[in-house]
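Q: Take a look at this one; I'll ask things after.
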Amino acid sequence: MAEPDWLEDAARHLWLPYAQMQTAPAPLPAVRTEGSVIHLADGRELVDGVASWWTACHGYNHPDLLTAVETQLWRMPHVMLGGLVHEPAARLAARLAKLLPGDLDHVFFVDSGSVAVEVALKMALQYWINKGVAGKRRFLSFRFGYHGDTSGAMAVCDPDEGMHSLFAGYVTPQLITDLPRGAEAQAAFETFLAAHKHELAAVVMEPLIQGAGGMKFHDPADLRAIAEAARRQDVLLIVDEIFTGFGRTGSMFAIDQASIVPDIVTVGKALTGGILTLAAAVARGPVYEAFLGDDPGRALMHGPTFMGNALACAAANASLDLFEREPRLAEVAAIADQLTRELEPCHSLPGVTDVRVRGAVGVVEMAQMADPARLRQRFADLGVWIRPFGNIIYLAPAFTIRPAQLSRLTTAIHDVIKDSRP
Ligand SMILES: *Cc1c(COP(=O)(O)O)cnc(C)c1O
């Protein structure tokens with residue numbers, strides 16, 4: 001099949017993410033999606049192991065999502081949320097408030113995950129200012145954390161991955177420590193927190209799985225201990241559920257497994273079922289109330305142009321309908337079982353240092369991985385879409401992936417490691 005005529009334009013004009021444009025292999029031209037399959041222009045089909053950066057939780061082109069967006073499209077694709085409101089946003093805010101635990105009731109919509117994190121950071125800073133507490137203007141976050149690529153979010157990412165040294169002087173230095181696992185580390189963490197509480201607005205973390213920073217897991221007990229330490233030390237807790245939210249770790253939200261109610265939660269990625277860009281920062285009652293008063297200066301001065309986009313909210317409502325109507329969490333549990341079973345043999349392959357599974361996330365960690373780009377190429381040659389990074393090969397598929405498709409992914413991982421000794 002001939003190459004599409006727009007591929008030339010892509011090569012000349014598209015600046016692609018996380019890519020050294022001089023040496024990166026040519027990107028593959030995608031022309032159609034269906035379920036867990038991406039169709040390429042040359043007729044090849046790839047089984048998608050990463051659900052387009054963990055967004056397409058119901059698979060691609062789910063008819064319910066498409067219908068919801070199409071219906072909304074003809075009625076009202078978008079109106080500004082400044083001074084106007086609409087049903088898709090109002091219903092979605094109420095549903096998120098109901099799904100999230102405790103009094104996480106106040107939903108601020110934005111257009112992407114990074115911006116949700118920016119808003120959460122701003123909420124936390126201004127919370128203390130509005131309370132009349134001076135000096136709490138920094139954040140504590142964890143090594144291997146990832147919270148987005150905008151400058152505020154970057155500052156709370158892993159310092160190496162976030163290239164803090166490159167952007168020194170621009171990215172505000174924050175406190176970054178190891179994520180405490182187990183009683184001893186927790187005690188040391190709380191001592192550290194107590195020493196810095198006077199300058200800390202909030203602790204920022206991903207719950208149960210640190211995603212883009214290396215798919216590192218921690219236990220619900222650790223998450224809970226961090227939340228309790230933050231509360232005791234009078235530091236807000238921002239939990240970033242942008243990757244973990246909507247079933248990925250086995251429960252609707254990862255925080256459900258630790259029975260905690262953070263002060264602010266961010267959601268994004270799978271919020272719309274992966275078809276439109278939408279995210280939110282959701283605040284507890286006391287955070288929201290700190291912004292109320294006669295003084296306009298106490299208000300949250302933030303408002304992305306496309307916040308609460310009606311198409312995106314319609315997609316998100318349809319996605320939540322699917323979570324109610326279809327057995328998504330049972331599917332995640334089945335995926336976890338199958339991943340555990342089928343990735344286990346990777347343990348004995350040379351160079352593999354760890355194999356781990358939590359919810360619909362399976363990880364094979366290597367001692368080292370010299371050339372992730374070459375591995376990606378090999379996976380594509382095998383008809384699977386898998387994107388190794390750092391020293392890990394991982395799967396985070398759609399929850400609707402068929403068992404046979406998932407087996408193709410796990411088999412490909414096993415075979416590529418076995419053959420290529422990366
Ligand atoms: C992807 C991600 C973000 C950033 O979201 P974008 O929509 O890419 O800006 C933030 N936090 C976590 C945990 C993420 O996985």
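Q: Would you calculate a helix-derived [θ] at 222 nm for the chain, using -39,500 (n - 2.57) for each DSSP H run of n ≥ 4 and dividing by the full residue count, to the nearest 500? Let's see the in-between values first.
A: Numbers: 13 runs with 152 residues, N = 422.
Computed mean residue ellipticity for the chain: -11000 deg cm²/dmol.
Q: What list of ³J(HN,Hα) couplings, whole Hz, do you get for the range 219-233 from phi and the Karplus terms 6.51, -1.76, 1.60, once you set θ to phi - 60° and write x for glycine and proline?
A: Working through the residues one at a time gives 8, x, 5, 5, 4, 5, 5, 5, 4, 5, 5, 4, 4, 4, 8 Hz.
Q: How high is the FRET efficiency from residue 197 to residue 420, r the C-beta distance, R0 51 Å, rounded to 0.05? Could you put the intermediate results ahead of the total?
A: Numbers: r = 49 Å, r/R0 = 0.96.
Given R0 = 51 Å and the Cβ-Cβ separation, E is 0.55.
Q: Next question. Give the peptides 11-22, 389-400 in descending order of average Cβ contacts within 10 Å, highest first.
A: Values: 11-22: 8.5, 389-400: 23.1.
Ranked from most to least packed, the peptides come out as 389-400, 11-22.
Q: Ok, one more. Place +1 on the Cβ of every Lys and Arg and -1 on the Cβ of every Asp and Glu in the chain, take the dipole about the Cα centre, and give the residue among 327, 296, 72 whose Cα lies farthest towards its positive end.
A: Farthest along the dipole direction, towards plus: 296.
Q: Using alpha carbons only, how many degrees (0 to 90, rounded to 10) separate the axis of helix 310-325 from the longest principal axis of the chain?
A: Its long axis makes an angle of about 80 degrees.
Q: If I fit a long axis through the Cα atoms of helix 328-343 and take the longest principal axis of the Cα atoms of the chain, what angle between them do I get, 0 to 90°, rounded to 10?
A: 50
Q: So, one more: Given H placed on each backbone N at 1.01 Å, which residues far from residue 244 in sequence or on other chains put an amide H within less than 5 Å of it?
A: Excluding prolines and chain starts, which carry no amide H, there are no hits.
Q: Now for a different question. When ligands, DNA and RNA are left out and all protein chains stay put, how many square angstrom of accessible area per residue does the chain have with a 1.4 Å probe? Write out the running numbers ahead of the final one.
A: Values: 18850 Å² over 422 residues.
Normalised by residue count, the accessible surface of the chain is 45 Å².
Q: In addition: In whole Å, how far is the Cα centre of the range 220-237 from that of the range 273-322?
A: 25
Q: Given +1 on the Cβ of Lys and Arg, -1 on the Cβ of Asp and Glu, and no further charges, what dipole in debye does the range 1-146 carry about its Cα centre, rounded to the nearest 20?
A: On the way: 13 positive and 15 negative charges, 235 e Å.
Result for the range 1-146 is approximately 1120 debye, rounded to the nearest 20.
Q: Leaving out ligands, DNA and RNA, and with a 1.4 Å probe, what % of the accessible surface on the chain is carbon or sulfur?
A: Working: 10600 of 18850 Å².
That share works out to 56 percent.
Q: How much length is gained if the chain between residue 79 and residue 5 is pulled fully straight, taking 0.36 nm per residue apart and subtracting their Cα-Cα distance, in nm to one decimal? Spell out each step's value before the answer.
A: On the way: separation 74, 0.36 × 74 = 26.64 nm, distance 3.55 nm.
Once the chain is fully extended between residue 79 and residue 5, it gains 23.1 nm.
Q: Still on this model: Based on alpha-carbon centroids, what's the gap between the range 238-266 and the range 332-379 in Å, whole number please?
A: 24
Q: Tell me, what ³J(HN,Hα) does each residue in the range 269-284 have, in order and in whole Hz, if you take phi through Karplus 6.51 cos²θ - 1.76 cosθ + 1.60 with θ = phi - 60° and put x for Gly and Pro?
A: So the J values, rounded to whole Hz, are 5, 7, 3, 9, x, x, 10, 9, 8, 7, 8, 7, 10, 10, 10, 6.
Q: When a/c is below 1.5 the answer is rounded, else prolate if a/b is larger than b/c, else oblate, so apply that to the range 151-274 with a ≥ b ≥ c taken from the square roots of the Cα gyration tensor eigenvalues. Show your work: numbers first, answer last.
A: Working: a/c = 1.68, a/b = 1.09, b/c = 1.54.
It comes out oblate by the Cα gyration axes.
Q: Here is a follow-up. Residue farthest toward the positive end of the dipole of the chain, with Cβ of Lys/Arg at +1 and Asp/Glu at -1: which of 212, 275, 140?
A: Of 212, 275, 140, it is 140.
Q: Can you order the peptides 404-415, 205-216, 153-164 by their average number of other Cβ atoms within 10 Å per residue, highest first? Don't jump to the answer; show the numbers that get you there.
A: Numbers: 404-415: 19.0, 205-216: 23.6, 153-164: 21.0.
Per-residue mean Cβ counts within 10 Å order the peptides as 205-216, 153-164, 404-415.
Q: Now for a different question. Please work out the C-alpha center-to-center distance from the range 163-183 to the range 1-71 and express it in whole Å.
A: 33
Q: Once both axes come from the Cα atoms, what is the angle between helix 113-130 and the longest principal axis of the chain, in degrees from 0 to 90, rounded to 10?
A: The answer is roughly 10 degrees.
Q: Testing the spin-label approximation: label points 7 Å from Cα along Cα→Cβ at residue 374 and residue 39. State their distance in nm.
A: 3.4
Q: Something else now. Could you sort 385, 74, 6 by accessible area so the largest value comes first, with the probe set to 1.4 Å? Don't skip to the end; give the middle numbers.
A: Details: 385 65, 74 210, 6 105 Å².
The residues order as 74, 6, 385, largest area first.
Q: Using DSSP, restrict attention to beta bridges with both residues in the chain and report what percent are antiparallel, rounded to the nearest 5. Mind showing how you got there, number by number?
A: Numbers: 31 of 47 bridges.
So the antiparallel bridges amount to about 65 percent of the total.
Q: With only Lys, Arg, Asp and Glu charged, each at its Cβ (+1 for the first two, -1 for the last two), find how big the charge dipole of the range 319-422 is about the Cα centre; round to the nearest 20 debye.
A: On the way: 13 positive and 13 negative charges, 47 e Å.
The calculated dipole for the range 319-422 is roughly 220 debye.
Q: Could you give the nm distance between label points at residue 163 and residue 330, where each point is 7 Å from its Cα heading toward the beta carbon?
A: About 4.7 nm, to one decimal.
Q: Assuming a ≥ b ≥ c are the square roots of the Cα gyration tensor eigenvalues, decide whether the range 354-422 counts as rounded (a/c under 1.5), prolate (otherwise, with a/b larger than b/c) or oblate.
A: Values: a/c = 1.91, a/b = 1.33, b/c = 1.43.
In terms of gyration-tensor shape, oblate.
Q: Taking +1 at the Cβ of each Lys and Arg and -1 at the Cβ of each Asp and Glu, which of 154, 318, 191 sits farthest along the dipole of the chain towards its positive end, judged by Cα position relative to the Cα centre?
A: Most positive-ward Cα: 191.
Q: Now for a separate question. Give the shape of the range 17-167 as rounded, prolate or oblate, defined through the alpha-carbon gyration tensor: a ≥ b ≥ c are the square roots of its eigenvalues, a/c under 1.5 means rounded, and otherwise the shape is prolate if a/b is larger than b/c and oblate if not.
A: Taking the square roots of the gyration eigenvalues as a ≥ b ≥ c, the range 17-167 is oblate.
Q: Next question, about the same structure. Treating the beta-carbon of each Lys and Arg as +1 and of each Asp and Glu as -1, no other charges, what is the dipole magnitude of the range 89-138 about its Cα centre, to the nearest 20 debye? Can you show the working numbers first?
A: Values: 8 positive and 4 negative charges, 35 e Å.
Once rounded to the nearest 20, the dipole reads 160 debye.
Q: Only bridges whose two residues both fall in the range 220-371 count here: according to DSSP, what percent of them are antiparallel, nearest 5?
A: Taking every DSSP beta bridge with both residues in the range 220-371, the antiparallel ones total about 75 percent.
The values are calculated or read from the model by the stated rules, or taken from the named source; none is laboratory data. All values derive from a computational prediction rather than experimental measurement. Note that we place each Cβ from the backbone using ideal geometry, even for glycine, and neighbour counts take in every protein chain shown. Side chains included, ligands, DNA and RNA excluded: accessible areas come from the protein's heavy atoms. Shrake-Rupley method; radii C 1.70, N 1.55, O 1.52, S 1.80 Å.
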